[in-house]
């Protein structure tokens, strides 16, 4: 039995040759584009191809996305003037805007600009409910000499730079600009597939990175949110099953940070384990309780004394320098976890607002 | 003389105890190692190996420091078989011992069979989508697709194991050589801007517009590696250029040679089936008024053209679909509840643990029963 098994087993990893029916592109449900670069159904990968939902403006036709495109559209009017629309998600946040803008400008024969000119060129635009920048370039295509216009909207989120481009005849693209901005508004960043390595029949679990350590009596979010004053510039977004609330913060230079609020019954798995879990999210080592005592501070909140942690490191998922300010607020028989994490400068700017937010939160049974 | 010593060594009870102790230590340290290495690497280094190697960080040499799972299990198997044949003769009062030993041997062989023959993959389907293949989660393949014919594509799939050696790959079905110039087990692919000072990753396809960077291997369970490679296509008359292939790049990159069209793509390894599965509906039920999951289920349509089979199947927790030697478990789902992920397990020796337990159980019952009977009869006679 062993020998045949070994023989069969060894042969399984050889070159295989087979014939298959040609793959027909499967129609996406409800205009949902999904780059299959990463296997459908695979565990989430840092920077893995994301999915997108959108509402198609009238007159736009979906075309087969080319390389690196997540979605592609063709627009044409009765005079034969046309434009091409592309959605390109790039992992790794993709370079500076200055570099990108100058490259786009060069495609329509426009001169390069300097860093100081950028804020004047960036038009604010809403992309899927989040603030993005729209850059509009028009000029003559150096190759063909045709008058052309290029609209590019940029949004950086969750370690991915999203580029939405509309390129084509100058006048026609200018006419299509409202449809383009409507399209941007309609964009929804669909939930990416998740996978756990729980036993096959186990109910899947949510975003573990935001969760307190599990406890037997963890009751997550079945209770109400605390009452709070949301600081200006914080945008609340759906946080998923295990978060009480989630806020996104973006600065004018596209830096981003997020605030996660979660709650757990009891001590949520212990202070040290939770602080070390946060440290792990920045690639930092685990500290003993005695070592933690030296780096933790405390702050008064409406629920009593809370523990505060402020650490900087590198997010292993994005390789970006990241800062995390976290507060653990014990309140009666449960514990609230507040985490501000993201771009170092932005977190530094938002720290005071975050602390005030934590300190003034009024808890449901303390109202 | 030497033969006798060998026999004594392999039939020794001390060897059994030593192997069991080593096995316990192996499981202990192999479990701890998962923290740093991740499940898959720890499994390969500790259990799917004859020796465990260690070397200082940064050094390019390693020395064996402990026996691996195959060595401990193999010696234990030899010890069990040898000791059994040396000590026990087939007689009616030893039948129980024989059964117990055969049960254990079957258990060890069955586990080896599982290790060598079993295969796990995943089938991800959006509602309405049909597929006739599942994909390995942690293995890639370079598919060289001859797409010249109208109806069928001929695929030559080169597994990741061969790509990792960065060698030339020749195959009778390919009119050219695939030369693996570089392989990155985990990587990130970025746009290469016109002003970028970095050299292009490859000369053809997307290569001039992209750069590829190697990144550290992923060890935790929530993420996986995304491999990339740079390959050169070399024909008898010369090179056609180099291509960057990556799991990040969705579209196959095409080229022509000798009036035939080819496409190159690096993708998760595929396992095609002679049947297809379509997801009709995925359901994620929760207990009323809460977010607590109650049930996950996938209603699928199973179609097998060659037999005319066409039926609906409901797969839910603890109720997998067992079909054609494969088991489809409800494993996960898309967060928008419109797609399902089925774990596909192919394990030809899945029944061996059951048979082993039955044999061991019967052996123990027989052995104890005959002793009890003998004892009772003796007391009566007395």
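Numerical summary
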quantity	calculated
Residue B:38 out of contact with any helix residue (DSSP H, G or I) (no Cβ under 9 Å at 6 or more places or on another chain) and either touching a residue at least 60 places away in the same chain (Cβ under 8 Å) or more than 22 Å from residue B:115 (Cβ to Cβ) (or both)	yes
Candidate set from the range B:112-128 (those that are over 10 Å from residue B:347 (Cα atoms) and surrounded by 18 or more Cβ atoms within 10 Å (Cβ to Cβ)); member that is farthest from the chain's Cα centre (by Cα)	B:127
In the range B:106-133, residue farthest from residue B:361 (Cα to Cα) [restricted to those that are more than 7 Å from chain A (Cβ to nearest Cβ) and not in a strand (DSSP E or B)]	B:118
Selection status of residue B:327, within 13 Å of chain A (Cβ to nearest Cβ) and closer than 30 Å to residue B:205 by Cβ	no
Any chance residue B:97 is surrounded by 12 or more Cβ atoms within 10 Å (Cβ to Cβ) and in contact (Cβ under 8 Å) with a residue 60 or more places away in the chain	yes
Single match in B:316, B:262 (criterion: modelled with pLDDT under 95, under 30 Å from the mean Cα position of the chain (by Cα), surrounded by 13 or more Cβ atoms within 10 Å (Cβ to Cβ) and under 15 Å from residue B:340 (Cβ atoms))	B:316
Contacts under 6 angstrom Cβ, first residue in the range B:360-382 being surrounded by 12 or more Cβ atoms within 10 Å (Cβ to Cβ), partner not in a helix (DSSP H, G or I), 6 or more apart	none
Hey, residue B:320 over 23 Å from residue B:132 (Cα atoms), within 14 Å of another protein chain (Cβ to nearest Cβ) and out of contact with any helix residue (DSSP H, G or I) (no Cβ under 7 Å at 6 or more places or on another chain) or not	no
Every residue from the range A:320-350 that is without any contact (Cβ under 8 Å) to a residue 60 or more places away in the chain and more than 21 Å from the chain's Cα centre (by Cα)	A:327, A:329, A:331, A:332
Enumeration of residues in the range B:216-234 that are surrounded by fewer than 18 Cβ atoms within 10 Å (Cβ to Cβ) and in contact with a strand residue (DSSP E or B) (Cβ under 6 Å, 6 or more places away or on another chain)	B:234
Any chance residue B:266 is assigned to a strand (DSSP E or B) and away from every other protein chain (no Cβ under 11 Å)	no
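Okay, residues lined up against (1) at pLDDT 90 or above; (2) closer than 25 Å to residue A:286 by Cβ; (3) over 22 Å from the mean Cα position of the chain (by Cα):
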{"residue": "B:21", "(1), (2), (3)": "yes, no, yes"}
{"residue": "B:25", "(1), (2), (3)": "yes, yes, yes"}
{"residue": "B:31", "(1), (2), (3)": "yes, yes, no"}
{"residue": "B:38", "(1), (2), (3)": "no, yes, no"}
{"residue": "B:42", "(1), (2), (3)": "no, yes, no"}
{"residue": "B:47", "(1), (2), (3)": "yes, no, no"}
{"residue": "B:56", "(1), (2), (3)": "no, yes, yes"}
{"residue": "B:60", "(1), (2), (3)": "no, no, yes"}
{"residue": "B:64", "(1), (2), (3)": "yes, no, yes"}
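The values are calculated or read from the model by the stated rules, or taken from the named source; none is laboratory data. What you are looking at is a predicted structure, and each value in this text was computed from that prediction instead of being measured. FYI the Cβ positions are ideal-geometry reconstructions off the backbone, even for glycines, and counts take in every protein chain you see.
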